[in-house]
Amino acid sequence: MKYQVGEVGRIVLARFEDGEEILGNLADIARKENIRASVFYLLGGITDARIVVGPDNDKVRPPEPVWKDIMESHETLGIGTIFWYQEEPRIHFHGAYGKFDSVKAGCLRDKGKTFIVMEAIIVEIKGVNAVRDLDTVTDMVLLKLR
């Protein structure tokens, strides 16, 4: 285990409008505000999204993701982090996505649009030296504490 202790910096409250890209908006805020490390919460509606619900085989490296599409509106609640990989903010978000009695949980990747409204609360983490870096075993861009 590796860890660092930081402090809470700025807090950004954002409202994403109907049809707006969720991951793109988060990255835009991180770029514009130069937020290098943060945790964020999302609450609202999502549609036209792709999530990863797990690897196909737990023993295979790099893991082969299993994708699920969310084509209709779903309620969403989740938590994520933003750290930079090279010159770009990279987002890691896990959430629960529900419609009626059907609930899915997974990592939002690739795409996801706001359905009516999505609220984002971004909490900046100051005083840590953390980035994302390519892990050659998993072929994923993962958190690295320097």
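The values are calculated or read from the model by the stated rules, or taken from the named source; none is laboratory data. All of these numbers come straight from a predicted model, not from anything done at the bench. Here the Cβ is made from the backbone with ideal geometry for all residues, glycine too, and neighbour counts use every protein chain on show. In case anyone asks, the SASA skips ligands and DNA or RNA and just uses the protein heavy atoms, side chains included. Shrake-Rupley method; radii C 1.70, N 1.55, O 1.52, S 1.80 Å.
Just to be sure before I move on: is V128 in a loop (DSSP other than H, G, I, E, B), in contact with a Gly (Cβ under 9 Å, 6 or more places away or on another chain) and either in contact (Cβ under 8 Å) with a residue 24 or more places away in the chain or open to solvent by 70 Å² or more (accessible area, probe 1.4 Å) (or both) in the structure I sent?
yes
Could you grab me the full set of residues in segment 87-146 that are under 14 Å from R36 (Cβ atoms) and at pLDDT below 95?
R146
When you look at R15, is it open to solvent by 80 Å² or more (accessible area, probe 1.4 Å) and either part of a strand (DSSP E or B) or touching a Leu at 6+ places or on another chain (Cβ under 6 Å) (or both), yes or no?
Criteria met by R15.
Give me the pairs, please: first residue somewhere in segment 1-30 and over 23 Å from G112 (Cβ atoms), second residue anywhere and of a type in the set (D, E), beta-carbon distance under 6 Å, and either six or more positions apart or on two chains.
Pairs found: G9/E124; R10/E124.
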